[in-house]
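Some notes on the structure that comes next.
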């Protein structure tokens, strides 16, 4: 077997409209398809990250999803990182839109700039300069 890349990451949100606004209007991801599944009382929003080969995010809503404990070093997915050409410009854009962004740091291994911020459900997201 040979993995060709990451196809998608799935996120379950607590407020569909608020999260949809964040990922589409604030982060600028492109809507591929939106589905309401009446039998599950659930939305599924497929979002394109970057260009066609950039991968996707599946944004789900479910009635009363349980909270996930969050600790920086807990097992499981730690964060999602979005590649950007200019971390400082992207961070300023997020700040202008009311998103709290951590101070920009430099990756000691690659020398690249990066920073963290959070989505409406407090999920950790990263901007990483490429």
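Here, each number is a calculation from the coordinates, and none is a lab measurement. Values in this document were obtained by computation on a predicted structure and should not be read as measured data.
For the chain, give me the percentage of DSSP beta bridges that are antiparallel, rounded to the nearest 5 percent.
65
Give me the Å³ per residue figure for the convex hull around the C-alpha atoms of the range 78-130. Working shown, then result.
Details: hull volume 3.8 nm³, N = 53.
Expressed per residue, the convex hull around the Cα atoms of the range 78-130 is 72 Å³.
Over the chain, what relative contact order in percent results from Cα pairs under 8 Å that are six or more residues apart? Could the numbers behind the result be given before it?
On the way: 209 pairs, mean separation 28.2, N = 130.
Normalised by residue count, the contact order of the chain is 22 percent.
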Practice problem: Only one of the values (i) 2, 12, 23, 24, 19, 11, 6, 3, 1; (ii) 2, 9, 18, 22, 21, 16, 8, 3, 1, 0; (iii) 2, 9, 14, 13, 9, 8, 8, 7, 6, 5, 5, 5, 4, 3, 2, 1, 0 was calculated from this structure for P(r) over Cα pairs in 5 Å bins from 0, in percent; name its label. | Solution: (ii)
Self-check item: Relative contact order (percent, whole number), the range 1-64, Cα cutoff 8 Å, 6+ residue spacing
Solution: 38
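Once every DSSP H run of n ≥ 4 in the chain is given -39500 (n - 2.57) and the sum is divided by its residues, what mean residue ellipticity at 222 nm do you get, rounded to the nearest 500 deg cm²/dmol? Don't skip to the answer; put the middle values down first.
Values: 2 runs with 15 residues, N = 130.
Calculated mean residue ellipticity at 222 nm is -3000 deg cm²/dmol.
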